[in-house]
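The values are calculated or read from the model by the stated rules, or taken from the named source; none is laboratory data. Note that the coordinates shown come from a computational prediction; the quantities given were computed from them, not determined experimentally. Note that each Cβ is placed from the backbone with ideal geometry, even for glycine, and that neighbours are counted across all protein chains shown. For the accessible areas, the whole protein counts, side chains as well, though only heavy atoms, and no ligand, DNA or RNA atoms are used. Shrake-Rupley method; radii C 1.70, N 1.55, O 1.52, S 1.80 Å.
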Amino acid sequence: QVQLVESGGGLVQPGGSLRLSCAASGSSFSFYLMSWYRQAPGKQRELVAAITASGTTNYADSVKGRFTISRDNSKNTVYLQMNSLKPEDTAVYCCNARWGTGNWWGQGTQVTVSS
């Protein structure tokens, strides 16, 4: 069982920045496909960004050029740097890890973009 713990959410003004972190348990982190998802009130959960074990990244069109996903395998941590935040980025952001048949989720962290 892999445990994922997110941190870094909060309230930020439009145009501001936040960095989310997701720390994973276990010794196989470097093999995991790591992703960030978000779910806004009344909307379906959507993929925000993903990073493979080899470092290939993928982004939702709505965040391209503003968000950056990265990983530090020495710290078992994946990050989501969010810049130029917009009110429509407000959501609960969840970390996801996949490896083989395993599929694990964190509890989520709230990001609110508002003036």
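Residues in the stretch 72-108 that are under 16 Å from residue 18 (Cα atoms) and open to solvent by 20 Å² or more (accessible area, probe 1.4 Å): 79, 81, 83, 84, 86, 87, 88, 90, 92, 94.
If you take the residues of the stretch 1-27 that are in contact with a Leu (Cβ under 9 Å, 6 or more places away or on another chain) and hydrophobic (A, V, I, L, M, F, W, C), which of them is surrounded by the most Cβ atoms within 10 Å (Cβ to Cβ)? Filtering first and then ranking leaves 22. When residue 30 is tested against (1) part of a loop (DSSP other than H, G, I, E, B); (2) surrounded by fewer than 20 Cβ atoms within 10 Å (Cβ to Cβ), exactly one condition is not met: (1).
Picking from 38, 19, which residue would you name as being in contact (Cβ under 8 Å) with a residue 40 or more places away in the chain, of a type in the set (Lys, Arg) and touching a helix residue (DSSP H, G or I) at 6+ places or on another chain (Cβ under 9 Å)? Walk me through it before giving the result.
On the way: 19 fails: touching a helix residue (DSSP H, G or I) at 6+ places or on another chain (Cβ under 9 Å).
Just one listed residue meets the conditions, 38.
Among the residues of the stretch 38-58, those identified as touching a Cys at 6+ places or on another chain (Cβ under 9 Å) and open to solvent by 40 Å² or more (accessible area, probe 1.4 Å) are 39, 45.
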